[in-house]
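Any read-out appearing in this document is the output of simple, stated calculations on the displayed coordinates, not a laboratory observation. Just so it is clear, the structure is predicted and the values come from calculations on it, not from any experiment. Quick reminder, even Gly has a Cβ in these numbers, built from the backbone with ideal geometry, and neighbours come from all protein chains shown.
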Amino acid sequence: MIEKIIELVFGAALFLNALLFIPQALRIVVEKSAKGISLATFSGFLIIQLAIILHSVTVHDYLLMAGYLLSMLTCGSVVILTLYYRQCKTVTINGIDLTEIIAQMPEHIYWKDKNGTFMGSNTNNWKDFGFNSLLEHIGKNDFDCFPKEQAQKLYEIDNKVINTGEPAILEEWCILNNGFTALYLSHKVPLKNRDGKIVGLLGISVDITKTRQEIADKLDFLENIIAEMPGHV
């Protein structure tokens, strides 16, 4: 009885060991980056797992072999994804890649799928709408970020761009996480894959609240001057 319990616990531990690599693989896929992943460490895990599998074959321990085969599968996916994203990484000046450049841009930059779900954005965008990280923002939509009426308007505009394939340039009022209402000048275009098929929407929004207020103040000042002038102007 004790031997069966030990064997059951041992099998569960092997299964859990294999599952521990999955979060790393998912993080790479979601962030589309292998930043912070040690290729040497995970390659070392693969070598150790292969050695254990070879040992299990010689001693006919098939439970051990199955458990580490599963571990090799999950750990190997991390290694493959790391190699892929490092190979695809576009390096610019001083080792800064395109992802890091987009993250630091001052405007709001975002891209969504055809259902309006956020697939990514720069730091300004997810911070202004109250999220703690990009991972927390990904998978959300406008209805998670704005009041229902405002979200509906944004959804209709985005949906029109996606369905017609025509870009849109417009002003949009948005309520930020701090409670302030800001005016954005937004440029939205269909997001296309390498085959030219529309897969979502890409948007850039610039906060023009301060600029619009400055223009309004200048116009008011000019109107006051004209109003005080003698004669007919």
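Structure summary
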| quantity | calculated |
| --- | --- |
| Inter-probe distance in nm under a simple model that places probes 7 Å from Cα toward Cβ, at Thr58 and Lys197 | 5.0 |
| Positive dipole terminus of the stretch 115-203, leading residue within Leu191, Leu154, Asn124 (C-beta point charges) | Leu191 |
| Within the stretch 166-191, backbone nitrogen closer than 18 Å to the virtual label 7 Å beyond the Cα of Glu136 toward Cβ | 176-180 |
| Pairs beyond 20 Å (Cα-Cα), from Lys114/Lys197; Lys35/Lys140; Lys153/Lys188; Lys160/Lys210 | Lys35/Lys140; Lys160/Lys210 |
| Distance between modelled label sites at Thr209 and Glu100, nm, 7 Å Cα→Cβ extension | 3.1 |
| Most to least packed among 122-135, 15-28 [average Cβ atoms within 10 Å] | 122-135, 15-28 |
| Placed amide H near Lys192: partners under 5 Å, 5+ positions off or other chain | Val199 |
